Amino acid sequence: MEHQRCYIYSPLESEVRPSKRQRTNIVQPQNLLAERLQTFREAWSHQEKQIQTTLENADRTTQEKILDFIKVAAQPDPEDSTTIPTGLIIAGPSIASYGPYFERLGRRIKDGTDCAYLVLSSSESPNLKTLLKNLVQKATSRAAEDDDDELLPPGASSRNGPKLLNFDLGHLQGWQKRNRAQSIVIAIQDSEAFDSNVLVEMIDLFHSWLDRLPFVLLFGIATSAESFEDRLSGNSLRYLKGQKFDVTQSDEIIEKLFSATIASAHVSLRIGPNFSRRILDRQKDHVQNVQDFLDSLKYAYMAHFYANCTSIFLKDGISFTHSSPDAFEAVRNLPSFRRWVEDKLDSLETQEIRKLLDSDRYLFDKISQQLRSSQQVLSAINIAVAFLSNVRESLQITPSVPLSSLWIRAASGEMVESPLLRETMLSIKKIPSNKFLHLLSSLRNVQEDHFSLELDTYRTELEELVKNSTDSAPLRSQHDVRNDSLRTTVVAQKVLLSKHKAALSEQDKAYSELVGRFHDEIQDYFNTTFVDPQELFLSEILIYDPKLPHIEVFQPKPRFAIERALSTPHDYLGCNCCGSSGRDGEAALSATQPATALLYQLYLESGSLINVSDLWSAFNAIGGDEDSESKTMALFQRALAELKYLGLVKPSRKKVDHVAKMMWKGL
Amino acid sequence: MVSAKRKRDGSAEDATPRKLRARAAIEDEENAPDVATPSRRSRGRQVVEEGTPRSILKKTRGVDEIDEATPKSNRKLLFATPSKSTKDETPNGTPTIVRNADRSARRKSNRKLLERTINGVESDDDVLDEDILAEQILSGDEDEDTQAEAEENQPEDTPLLDTPSKRGRGRPKGSRKPQKQRSPSPSQDLPPHEEYFWQNRPGGTKTSNNTLSSQTLLDHDEFFQAMQSYTDCHESEMEFLLELHGRAYDQWIFELEEGFNICLYGYGSKRTITERFTAHLYEHLTNQTPYKGSKKTPKIVVINAYNPGTALKEVLLTIASVTIPANLKLPNQPPALMLYLLDYLTENPPSRPVPIILNSIDSLYLRKPPAPVILASLAAHPSINLICTADTPNFPLLWDVGLRSQFKFLFHDATTFAPYDAEIDVVESVNELLGRSGRRVGGRDGVGFVLRSLPENARSLFRILVTEQLAIMDEDGGQTNQDDVTATPQSKNTAKRIVSEYTQGVEYRVLYHKAVEEFVCSSEVGFRTLLKEFHDHQMIESRKDALGTERLWVPFRQEELEGLVEDLSAELS
C-alpha cells in the first residue's frame, strides 16, 4: 500500500480484531470522557455564540456600507457609465484574516443582493491571462450546477460566433445573459500582492467591457488608499470611481473578543492569566489573526475537558450518581484541596476533614457548594475589572490600558497594591463634579447583581450639590491640585516650600466629603473583590492555565525537534546504550546510536562543503562493523539519503564526491 | 614535524630553498619602507600595481600561509579536532584576519585585477592554492591591521629581525592584542551563529581530494541484501515511541471532530503512525452513527505524497470519488475541480467529515504553487478532516499566514526514528547526491549493453559525446588536480575554474554539429530521436545553464568515461 499514491483505506481482515481489544483497554480509565466532552460542547457553544455576535457586530457597519454601495452601483446610471464603481476596503495589515473576511462579505452580498461575487487572490493571478481564465472558470463552473435544466455547456456562446478562447470575457457575457446577475462583483483580495501591471491591464479591460458587463470592483488594501492609487496609472484611475471603507482592525476585534469571552462574567471555565498573556502576546508579535485567537481559546477548553477528569464537576446540574470515584480521588489530590484541608487542620476541624476524606457524598456536596461560591468570586473579579476599565476610560487616564491587560493583572492576583489601581484611585479623589457626573452615568452600564455600590444615591446627592452651587465652574474636591497653592518663603537664607490648602467653599466641602465617601467605598470594593484566583479552593477545576499544550500545538518547533532527535537521540529513545555519556558534552558519539544520528553529528562538525569519502571513513571508524563493511555502507548510504531527504545536504559541483551543507544547528 | 611533511608534498622540487631565500630578502624589503615612510599604504599599492617586488613578497608569504593551510587539506579525517595543528604552527597566525579582511566586494574586485597582473609576471607555477594566494595579495594591499599583524609576527618567526621590534612598541597595543589571540581552530562551544560564520569563512572549506571508489557504494541488490540481515538495536525503543504516540489517537480523533486538522512532524517515517491511526479511526467510525449497524463503511482517503508523480488532480479525484456520486461530470482542471468539490460539499454535506490521511505534505510533488493553496482550501472546509505528516525540518515555510490559518493545524511531535523506507530510494538518492546517477543504468556494463542493442549511429553519437565530454574535462583538469605541475598557465587555469562549475557537459549545438560532421545523423529530428533513446535509458542528462543553452552530459566520472571510450572504440574497430 505504501507505494500506491492515493487509495481508499480498507482494513485487512486480520487487523480488525486486535485493534478492537486495544480500544476497550484504552477507554476504560476515561469512563466519564463522554460526559466531560458533552460539558465541553455546552460550555463552548455558549462561548461561540458570544464570539459570533461580537464578530458580526464588529463587521456589520462596514459590511452594510459596502452592501449599500454595491446596491447603488447595481442601479444603471445613465449619466455615468464610463467608470467602474470601486470599493477600496482598507482591511489592515493582518493578511490572514482577509480570506474569512471576504468570505463573510461574499455571503452577505449573495444574500442581500442579486449580484455575482467572485474573489481573486494574487496567487492565482500571476498575469492577466491566468487571471481572466480563473475568473471565467470561477463564474461558469458555479453556473454549471446552478442551471442544471439548461443543457447548454458554459462555452455555448461559441456556437454563434468564432470559438472563444478560455480566457475570453465573452464567456462571462454569455453566462451573464443566462443568469441575469445585476452586477458582477469582483473582489481583489490582496491588491498589494498583485503585479501593478496586471491590475492596470485588468482595469483597462474591464472598462472596455463595461458597456456589456456590469462590473463592480472591490480591492482589499493592507496599507492605504493613497498608496494603492500611486500604483495605478492616471489613465486607469480615471476609469474607477472609488469609495473607501475602513474595516475594524484585528487588534480591536481581539480586544472585544477578549472581553466577551475570557473576561466575561458568565463563563463556566475561566482562562488563567499566563495562558491569556501568552495568546495575546502571540497576537501582538506574530499572527494578528482573529481565527487563531479563537482556535487557541477553543483548544484550551478542549484540553481542559479532555485531560482533566475533575472538569466533570463543571457540568450543569451534575448529580452524585453521575460522578465517578476517580474524580473524587483526583479532587483529593488537588493542591488547593490540600491547602484547604490544612487550613481546616489549623482550626482543628478534624471531624470535617475526616468526612471530606472518607465520604464521597460529603465531598460532592462540598464541591458543588464551593464551586458555586468560587464561580461568584471569579465573576466578581471580571465585573470589577470591567468597572475599573470603565472608570479609567471615563476619567481619561493616560496611558490608556486595554481591558485585557487590566484583566490579566487582576487574574494573576496583582491588582491590589498595583500602581495602576493606586493611580486610578488618586484621580478619583481629585475628580471635579462635571467629570464625576459623567463617570456615574457611564458606570451604570456595568452595574450588575454582585455590585453593591449604590450609584443612584451618589447621583442624586451630587445633582443636589450642583444645583445649589451658584458658580458655573464645576465643584472641586479638596485633593484637586487647583485647591493647592505653593508658597515660597525665605527663612534664614533657606527657601521653604510649603503647600497650602485654599479655603474651601461650603459646597466644595460637601462635595469633597461626597467624593471621599465614593472613593472609600470603591477602594473597599476593589480590595475585597480583587483576590488571587489561584488561591481559591478548586481553582484547578475552574481555571485553565497551562501554556505548554498551547505552545506545543500552535507554535511547534519542527526543526528543533528534528535537530534534537538527531543530535541527542537518547532524549527520545531513552535507551541504555547511547544515553548518559552525552550529558557531559562531547562524548556523545557512540556506535550504538542510530546511523543517521551518528552521521548528523559528524555533519555538524564539518564545514560548508563535505567530502563524502572522508565522511564515510569517519563513519566507518565510529560505527563500523568489522564483520561486514557492506552493512555499514548500507547504513551509511541510508543515513546520507535521509539527510538529503531532510534537506540537510545537497549535491555540490565544486568538487567530486562532495556535498554541500545546508543547515546549521540551532539557527 | 608537520611542517616538514607539508613541505615535502607541497612542493616536491627544488623550489623550497629558493623560496626561503626569497622570503628573507623580501622581509627586509618590506620592513625597510615601513621604517622610512609612514605612508606605507599608498606606496604598497603602487608597488603591487607595478607587479614588482611586492608580488614576490606575496608569493613568499603565500608559502607561509600555505604551510598552515595545507595540513587541513591533507588530513584524512575531516572531523579530527583541529585545535592541535594550529598551536604548534602559529608563528604566523594571521590567516583568519587576512580572510576576514577580504570580505568586501571592492577588495574582491581588486583581487581579481591583482591576480591577473601577478600571474602575468610570475613564471614559477607551484602555487598551491589560488584562493590563499589571492588573499595574500589582498592583505598586503590595504589592511593596516594585517600588516601590523604580519610585522608583529615576523620577529617571532625569523630571528634575523629582532631589532625592529621597537617599532612595534610604538603602535597602540590594544588594537592588535585580541587579534593575535585568535586562532584558526574553532573553539568547541561556539554559539550557532558564530559556528555558521566560522564554517562559512572564505577559504574555510578545505577538504581532501579523496574520492569514493565506485566499488564502495552499494547498488540496489547489495543494499537490500545488507539491510535484510540488519536489525536495529533500538527496535524496542522505537516500538515504545510508536506506542506512546498510539495513546494519543483518541485525542486526535477528538481534535478532528472539533474541526481542527492535524499535522505530525518529527524525525523518522511517520507512515506506521498514520497507518495505525487510520485503522483506529476506521474502527472508531464504524461504531458511530451513520455507519453503525449499516453496511456502509467509512471511507478514509489515504494519500502517499512522497511517491514520485503524485499529482494534485489524482488527489482531488480520489477525494471526489468518495464524496461526489459517480454519475456527475467533474471539471478537468485542478482549481476548478477543487471549487466544484468544495461547492458540492457545502451543498450536500456528508453526515461525517471525510478524513484524509496525507503522508508527507511537504513532499517535492506538493510544493509547487497551486498545490499548497488548494490543499489549504480543502483543509479549511468543515466537511474535510486532514491528517498529514511533514518530514522536512522547515516545512512551515511552505505556508504564509493566510494559508496557515486556513489549514487550522494542530501540530504534534511524532518522532519515530523509523527509517524512511517507502519515502526514499536510498541507493538512487545517494547516487544523485554524488552525481553518479549513471550507476542507474548499471554502470559501464549497463551502458555497453544498451549500446549494443542500438544502431550503429547511436553508438557513434554516444562515442562523440563521451569524447567531447572528456576533452572538456581534460581542459580544466587543473580543477581536480590542483598540484598538477604540468597544468596550463595559471591565468587560464583560474578563469576556467570559475567557469567550469557552470559549464558541465557538451553544448547541444556543438554536439549536433559534430554529429552531422561525422555523418551520424542528417537532421535535427534524427539527432533528437537518437538522444531520446539515451534519455530513456538514463544514459545522458541535460540541463539549461545560466545562459539558457542546453547542455548534455553522460553522468559518469572521468575514469569510467575513459573506460567507456575504450570499450566503444574497441567495438568500432
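The values are calculated or read from the model by the stated rules, or taken from the named source; none is laboratory data. What you see is a predicted model; the values in this text were computed from it and never measured. FYI the Cβ positions are ideal-geometry reconstructions off the backbone, even for glycines, and counts take in every protein chain you see. Just so you know, the surface numbers come from the protein's heavy atoms only, side chains and all, with ligands and any DNA or RNA stripped out. Shrake-Rupley method; radii C 1.70, N 1.55, O 1.52, S 1.80 Å.
Looking only at residues in segment A:605-639 that are under 50 Å from the mean Cα position of the chain (by Cα) and open to solvent by 30 Å² or more (accessible area, probe 1.4 Å), which one is farthest from the other protein chains (Cβ to nearest Cβ)?
Among those that are under 50 Å from the mean Cα position of the chain (by Cα) and open to solvent by 30 Å² or more (accessible area, probe 1.4 Å), it is A:Ile622.
Mind checking which residues of segment A:239-262 are out of contact with any Ser or Thr (no Cβ under 7 Å at 6 or more places or on another chain) and among the aliphatic types (A, V, I, L, M)?
Those that are out of contact with any Ser or Thr (no Cβ under 7 Å at 6 or more places or on another chain) and among the aliphatic types (A, V, I, L, M): A:Ile253, A:Ile254.
Within segment A:326-336, can one find any residue that is open to solvent by 10 Å² or more (accessible area, probe 1.4 Å) and of a type in the set (Gly, Ala, Ser)?
yes
Look through segment B:230-245, keep the residues that are at pLDDT below 85 and more than 7 Å from chain A (Cβ to nearest Cβ), and return whichever of them is most open to solvent (accessible area, probe 1.4 Å).
Per the stated criteria, the residue is B:Thr231.
State whether one or more residues within segment B:540-557 are assigned to a helix (DSSP H, G or I), under 29 Å from the mean Cα position of the chain (by Cα), aromatic (Phe, Trp, Tyr) and modelled with pLDDT of 80 or more.
For segment B:540-557, residues assigned to a helix (DSSP H, G or I), under 29 Å from the mean Cα position of the chain (by Cα), aromatic (Phe, Trp, Tyr) and modelled with pLDDT of 80 or more: absent.
Which count do you get for residues in segment B:260-276 that are more than 7 Å from chain A (Cβ to nearest Cβ) and either assigned to a helix (DSSP H, G or I) or touching a Pro at 6+ places or on another chain (Cβ under 6 Å) (or both)?
5
Consider segment A:266-276. How many of its residues are out of contact with any Asp or Glu (no Cβ under 6 Å at 6 or more places or on another chain) and crowded, with 17+ Cβ neighbours inside 10 Å? Explain how you work it out, then say what you get.
Let us first name the residues in segment A:266-276 that are out of contact with any Asp or Glu (no Cβ under 6 Å at 6 or more places or on another chain), namely A:266-271, A:273, A:276.
Right, trim to crowded, with 17+ Cβ neighbours inside 10 Å and you get A:267-271, A:273, A:276.
Summing the residues that are out of contact with any Asp or Glu (no Cβ under 6 Å at 6 or more places or on another chain) and crowded, with 17+ Cβ neighbours inside 10 Å in segment A:266-276 gives 7.
Condition check ((1) within 11 Å of another protein chain (Cβ to nearest Cβ); (2) without any contact (Cβ under 8 Å) to a residue 40 or more places away in the chain; (3) among the basic types (Lys, Arg)) across all residues:
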| residue | (1), (2), (3) |
| --- | --- |
| B:Thr310 | yes, no, no |
| B:Lys313 | yes, yes, yes |
| B:Leu316 | yes, no, no |
| B:Val322 | yes, yes, no |
| B:Leu330 | yes, yes, no |
| B:Leu337 | yes, yes, no |
| B:Tyr340 | yes, yes, no |
| B:Asp343 | yes, yes, no |
| B:Pro349 | no, yes, no |
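I need the full set of residues from segment A:256-299 which are within 14 Å of chain B (Cβ to nearest Cβ), in a helix (DSSP H, G or I), more than 20 Å from A:His46 (Cα to Cα) and of a type in the set (S, T, N, Q), in order please.
A:Gln283
Which ones in segment A:538-548 are of a type outside the set (Phe, Trp, Tyr) and over 15 Å from the mean Cα position of the chain (by Cα)?
Across segment A:538-548, the qualifying residues are A:Leu538, A:Ser539, A:Glu540, A:Ile541, A:Leu542, A:Ile543, A:Asp545, A:Pro546, A:Leu548.
Going by the conditions given, is B:Asp250 facing chain A (nearest Cβ under 9 Å) and in a helix (DSSP H, G or I)?
Considered against the rule, which asks whether it is facing chain A (nearest Cβ under 9 Å) and in a helix (DSSP H, G or I), B:Asp250 comes out as yes.
Restricting attention to segment A:161-179, and to residues there that are in contact (Cβ under 8 Å) with a residue 24 or more places away in the chain and assigned to a loop (DSSP other than H, G, I, E, B), which single residue is surrounded by the fewest Cβ atoms within 10 Å (Cβ to Cβ)?
So, considering only residues that are in contact (Cβ under 8 Å) with a residue 24 or more places away in the chain and assigned to a loop (DSSP other than H, G, I, E, B), the one surrounded by the fewest Cβ atoms within 10 Å (Cβ to Cβ) is A:Asn166.
Looking at segment A:527-537, can you tell me whether even one residue there is of a type outside the set (A, V, I, L, M), exposed (fewer than 15 other Cβ atoms within 10 Å of the Cβ), touching a residue at least 12 places away in the same chain (Cβ under 8 Å) and under 18 Å from A:Thr424 (Cβ atoms)?
yes
Name the helices (runs of 4 or more DSSP H) wholly within segment A:305-408 that hold at least 3 residues that are of a type in the set (Ser, Thr, Tyr) and free of Cβ contacts under 8 Å to residues at least 60 places away in the same chain?
Correct list: A:360-395.
Of everything in segment A:368-379 that's more than 15 Å from A:Ala260 (Cα to Cα), small (Gly, Ala, Ser) and open to solvent by 10 Å² or more (accessible area, probe 1.4 Å), which residue is farthest from the chain's Cα centre (by Cα)?
A:Ser368
Can you give me the number of residues within segment B:285-310 that are outside any loop (DSSP other than H, G, I, E, B), surrounded by fewer than 19 Cβ atoms within 10 Å (Cβ to Cβ) and in contact with a Phe, Trp or Tyr (Cβ under 9 Å, 6 or more places away or on another chain)?
Summing the residues that are outside any loop (DSSP other than H, G, I, E, B), surrounded by fewer than 19 Cβ atoms within 10 Å (Cβ to Cβ) and in contact with a Phe, Trp or Tyr (Cβ under 9 Å, 6 or more places away or on another chain) in segment B:285-310 gives 0.
Taking segment A:568-604 as the region of interest, how many residues are more than 10 Å from chain B (Cβ to nearest Cβ), modelled with pLDDT under 70 and under 18 Å from B:Asp189 (Cβ atoms)? First the steps, then the outcome.
If we filter segment A:568-604 for residues that are more than 10 Å from chain B (Cβ to nearest Cβ), which is where we start, we get A:568, A:579-584, A:587-588, A:590, A:598-599.
From the residues that got through so far, the ones that are modelled with pLDDT under 70 too are A:579-584, A:587-588.
In the following step, the residues that additionally are under 18 Å from B:Asp189 (Cβ atoms) were identified as A:581-584, A:587-588.
Of the residues in that region, 6 qualify.
Please enumerate the residues belonging to segment B:345-386 that are aliphatic (A, V, I, L, M) and outside any strand (DSSP E or B).
Hits for segment B:345-386 are B:Leu345, B:Ile361, B:Leu364, B:Leu366, B:Ala371, B:Val373, B:Ile374, B:Leu375, B:Ala376, B:Leu378, B:Ala379, B:Ala380.
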